[in-house]
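The values are calculated or read from the model by the stated rules, or taken from the named source; none is laboratory data. These figures come from a predicted structure and were not determined experimentally. Note that each Cβ is placed from the backbone with ideal geometry, even for glycine, and that neighbours are counted across all protein chains shown. All accessible areas refer to the heavy atoms of the entire protein, side chains included, with ligands and DNA or RNA removed. Shrake-Rupley method; radii C 1.70, N 1.55, O 1.52, S 1.80 Å.
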Amino acid sequence: MILVMGGAGYIGSHTVKHLLDNGYQVVVADNLIYGHRAAVDARAAFIHADLLDPYSLDQLFNKFEISAVIHFAAFAYVGESVQEPQKYYFNNVQGTLNLLRAMLSHGVKDIVFSSTCATYGEPVYTPIDEKHPQNPINPYGRTKLMIEQIFADYERAYGLRHISLRYFNAAGASADGSIGESHNPETHLIPLVLKAIKGECKAISIFGTDYDTPDGTCVRDYIHVEDLALAHRLAVEKLKDYSGCINLGTGIGSSVKEIIVAAEQVSGKKCPVEYGPRRAGDPAKLFADNQKAKTILGWNPQYTHIQDILRTAWNWEVNKRY
Ligand code: UFG
């Protein structure tokens, strides 16, 4: 059975569905602070557990026969991590140490981990491959890098098998419309653009138009959440002969303005726009070299057109259940 920590969250819930669709048995553990109980597939077992409560973790490993863990459970607001680093270091780093202790004491040595392109910091070159220097510029990115480093030490000392998946910008929703993105507060570009189109907020504010990019707005690599889910299954299956870090992106960059145009195309409606200053800590361009994921995992992202990603996001945004 696979334990999915944080399986009620955005990427976690899509991975749970994908694992179940592919014949895996799954137990989801989540503290439901940011996750949604309604996002958890009814075929999965569900346990309310918190990484900062070692007793609840022990009970989990006692109750279920767990062969591998996929670990999504983390706080992930970059801005908040600057204001409240303690919250991030405790939950993300201490929480993962607790999880690792529970795993090892129950003989579980396989983990797939949600890492991020934020571990690279300001890019020195693009596309970003896994050898790119890692100099995160905020506490959130530093917590993820620390965990990657902890895994390498635990591999040497305890034989931990680990794959850290460094996501670029997760986007979209399940093709069948059953689950999707729902953050509170919402800070991400695509859902905010769609909400502006729906009239739920006045306008989307474009953070900076004077970047060194073709249209002056920031370029990001938007990767569909179902492609991320697939990569997690492939990573679990690969743990027996590989440990390390792997980028997950399409390798294609889209600017903020291109996202707005694509959203207008798929919704058939105009997006109200206003222009604001740059947001602190936003690099001009981030996109992945994804060759390693292709070679090591045999992974190939299916969603390579931004309109197709936006179409699933729009379908979710107008029909969302939570
Ligand atoms: N943006 C706007 N207006 C908004 C929101 C975002 O113009 O209202 C722009 C941002 O400046 C950025 C792009 O849209 O250029 C994407 O912003 P998001 O907030 O959607 O995503 P980020 O690239 O900032 O963040 C993502 C992940 C983080 C991760 C980070 C690494 O969500 O978890 O990539 O850079 F840390």
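Quick notes on this one:
- Failed item, numbered, when D241 is tested on (1) over 13 Å from V219 (Cα atoms); (2) in a helix (DSSP H, G or I): (2)
- Count - residues of segment 190-203 that are under 18 Å from the mean Cα position of the chain (by Cα) and either more than 9 Å from the ligand (Cβ to nearest atom) or in contact (Cβ under 8 Å) with a residue 40 or more places away in the chain (or both): 2
- Among the candidates I206, I137, I147, residue that is within 15 Å of the ligand (Cβ to nearest atom), in a helix (DSSP H, G or I) and aliphatic (A, V, I, L, M): I147
- Set R279, R311: member being basic (K, R), open to solvent by 70 Å² or more (accessible area, probe 1.4 Å) and away from the ligand (no atom under 14 Å from the Cβ): R311
- Residue under evaluation T187, criteria (1) more than 10 Å from the ligand (Cβ to nearest atom); (2) in contact (Cβ under 8 Å) with a residue 40 or more places away in the chain; (3) in a loop (DSSP other than H, G, I, E, B), criterion not met: (1)
- Evaluation of L52 against (1) in contact with a helix residue (DSSP H, G or I) (Cβ under 9 Å, 6 or more places away or on another chain); (2) more than 16 Å from the ligand (Cβ to nearest atom); (3) under 26 Å from I179 (Cα atoms); (4) not in a helix (DSSP H, G or I) (one fails), failing number: (3)
- Single residue of K63, K109, K17 found to be within 20 Å of the chain's Cα centre (by Cα) and more than 26 Å from G141 (Cβ to Cβ): K17
- Filter result for Y211 (open to solvent by 30 Å² or more (accessible area, probe 1.4 Å) and of a type in the set (F, W, Y)): no
- The one condition in (1) of a type in the set (A, V, I, L, M); (2) surrounded by 23 or more Cβ atoms within 10 Å (Cβ to Cβ); (3) out of contact with any strand residue (DSSP E or B) (no Cβ under 6 Å at 6 or more places or on another chain) that L230 fails to fulfil: (2)
- Residue check, P133 at pLDDT 95 or above, on the phi < 0 side of the Ramachandran plot and touching a Pro at 6+ places or on another chain (Cβ under 9 Å): no
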